[in-house]
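First the structure, in the form of structure tokens, and then the observations on it.
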Amino acid sequence: MDQKDQILYEVTDRVAVITLNRPHVANAQTMGLLDDLDAAWSRAAADEDVRVIVLKGNGKHFSAGHDLKDRWPDPGTITLEWIYSAETRRYLEYTLRWRNVPKPSIAAVQGKCIAGGLMLCWPCDLIVAAENAEFSDPVVHMGIGGVEYHGHTWELGPRKAKEILFTGRAVTAEEAEKAGMVNRVVPLEELDASTMELARQISRMPSFGLRQAKRAVNQTLDVQGFYAAVQSVFDIHETGHGNALSVGGYPILTQLEDMKDKIRNQ
């Protein structure tokens, strides 16, 4: 697939729809895809005709996370400094920028949402999940304490966050809704229509009121420590890469490609 087709973008009824378009690999995220995704977010943020932003993924699964084959240089040439610089840009700065775009955003999630996939839906203001959606962060298997954007504690609460990190198990859509991480759970065949109906409803509200309502909630979370915590835990994440480099010469201790291949073939 052509690199430019990894992200699709369209505007309809004052709603910008950004679509992850690597269904053949469960929308695994290359560096180029993330750069294109950030450009799409910026385009929607700057367009005065756009009131609401919807993020979704083509295919069976929302996102299997980072594409590990694309993520780092050849073994032996990787340094922690290189990793820190690359991940600061794409995994910390991008996600915080998407979170703070002054327009309401909605993620529509189906199937698997794994590790880096969480870093795409968590920055959105609302999440609509299909009944088959599952959310997981199994990177402790890699010797890492969680993905770079630590939304776990804020989205699920401390005990549930520890459980999913310690065990690597997935949280179902129903569990996520009960925890407050997901706004609505709908049948898979109704996911797109339900998400767009919600987006259109919001788009009819006064734009300045929406902007100020979003700022009020995000600022309240920041006063409670969200912004500082996300930056601090990013540094904790990087120590995991440093430990893996010192132990095995590679940024992670275990590859999860076998698991991802199984997911792609489901």
**Complete:** Any residue on another chain or 5+ positions along whose placed amide H is under 5 Å from the amide H of Val54 is listed here as Ala16, Val17, Ile18, Ile106
**Request:** At 1.4 Å probe size, with every protein chain present, just tell me what the per residue accessible area of the chain comes to in Å².
**Result:** 46
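Sort the stretch 91-176 into rounded, prolate or oblate with this rule: let a ≥ b ≥ c be the square roots of the eigenvalues of the Cα gyration tensor; rounded if a/c is under 1.5, and if a/c is not under 1.5, prolate when a/b is larger than b/c, oblate otherwise. List each step's numbers first, then the result.
Numbers: a/c = 1.85, a/b = 1.24, b/c = 1.49.
Because a/c hits 1.5 or more and a/b fails to exceed b/c, the stretch 91-176 counts as oblate.
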**Message:** Can you compute the charge dipole magnitude of the chain about its Cα centre, using +1 on each Lys and Arg Cβ and -1 on each Asp and Glu Cβ, nothing else charged? Give it in debye, rounded to the nearest 20.
**Reply:** 540
**Prompt:** How many percent of the accessible area of the stretch 47-200 is carbon or sulfur, using a 1.4 Å probe?
**Reply:** 49
**Prompt:** Tell me, what HN-Hα J-couplings in whole Hz come from the Karplus equation 6.51 cos²θ - 1.76 cosθ + 1.60 at θ = phi - 60° for each residue of the stretch 171-179, using x for Gly and Pro?
**Reply:** 9, 6, 4, 5, 4, 5, 5, 5, 6
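For the stretch 1-72, report the convex hull volume of the alpha-carbon atoms normalised per residue, in Å³, without decimals.
On the way: hull volume 5.9 nm³, N = 72.
Each residue corresponds to 82 Å³ of Cα convex hull volume.
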**HN-Hα J in Hz across the stretch 58-65 - Karplus 6.51, -1.76, 1.60, θ = phi - 60°, x for Gly and Pro** = 6, x, 6, 10, 5, 6, 7, x
**Item:** Å³ per residue enclosed by the Cα convex hull of the stretch 42-128
**Value:** 107
**Complete:** With the label point 7 Å along the Cα-to-beta-carbon line of Leu80 and a cut-off under 20 Å to each amide N, the hits in the stretch 119-153 are 140-150
**Prompt:** Can you list, bin by bin at 5 Å, the percent of alpha carbon pairs in the chain, starting at 0?
**Reply:** 1, 6, 13, 18, 20, 19, 13, 7, 3, 1, 0
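Can you classify the stretch 109-246 as rounded, prolate or oblate using the Cα gyration tensor, where a ≥ b ≥ c are the square roots of its eigenvalues, rounded means a/c under 1.5, and otherwise it's prolate if a/b beats b/c and oblate if not? Walk me through the numbers on the way to the answer.
Numbers: a/c = 2.41, a/b = 1.39, b/c = 1.74.
It comes out oblate by the Cα gyration axes.
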**Fill in**
So the FRET efficiency between Arg200 and Gln231, C-beta based with R0 = 25 Å and rounded to 0.05, is 0.10
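Exposed loop sites here are trypsin sites (Lys or Arg not before Pro) in DSSP loop states with at most 13 other C-beta atoms within 10 Å. What is the longest stretch of the chain lacking them? Show your work: numbers first, answer last.
Values: sites that count: Arg169, Arg204.
That would be 1-168.
When only C-alpha pairs under 8 Å and at least 6 residues apart count, what is the relative contact order of the chain, in percent?
Numbers: 472 pairs, mean separation 51.0, N = 266.
It rounds to 19 percent for the chain.
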**Request:** Enumerate the whole-percent occupancy of each 5 Å bin, from 0 to the last occupied one, for all C-alpha pair distances of the stretch 1-158.
**Result:** 2, 9, 18, 23, 21, 15, 7, 3, 1, 0, 0
**Item:** Cut-off under 5 Å, modelled amide H: who pairs with Asp137 long-range
**Value:** Ala115
**Prompt:** What are the GluC sites (Glu not before Pro) within the stretch 103-208 that DSSP puts in a loop, where the Cβ has at most 15 other Cβ atoms within 10 Å?
**Reply:** Glu131
**Asked** Taking θ as phi - 60°, what are the ³J(HN,Hα) couplings along the stretch 93-102 by the Karplus curve (6.51, -1.76, 1.60), each to the nearest whole Hz, with x for Gly and Pro?
**Response** 5, 4, 5, 5, 5, 4, 4, 9, 4, x
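What FRET efficiency do you get for Ala179 and Asp13 if R0 is 30 Å and r is their Cβ-Cβ distance, rounded to the nearest 0.05? Mind showing how you got there, number by number?
Values: r = 31 Å, r/R0 = 1.04.
In this case the efficiency is close to 0.45.
In deg cm²/dmol and to the nearest 500, what is the mean residue ellipticity at 222 nm of the chain if only DSSP H runs of at least 4 residues count, each as -39500 (n - 2.57), divided by the residue total? Working shown, then result.
On the way: 12 runs with 121 residues, N = 266.
Dividing the helical sum by the residues of the chain leaves -13500 deg cm²/dmol.
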**Complete:** Once amide hydrogens are built 1.01 Å from N within the peptide plane, the residues lying 5 or more places from Lys103 or on another chain with amide H under 5 Å from its amide H are none
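The values are calculated or read from the model by the stated rules, or taken from the named source; none is laboratory data. In this text the structure is predicted, and so the values were computed from the model without any measurement. As a convention, Cβ positions derive from the backbone with ideal geometry for all residues, glycine included, and neighbour counts pool all protein chains shown. Quick note on the areas: whole protein, heavy atoms, side chains included, nothing else; ligands and nucleic acids left out. Shrake-Rupley method; radii C 1.70, N 1.55, O 1.52, S 1.80 Å.
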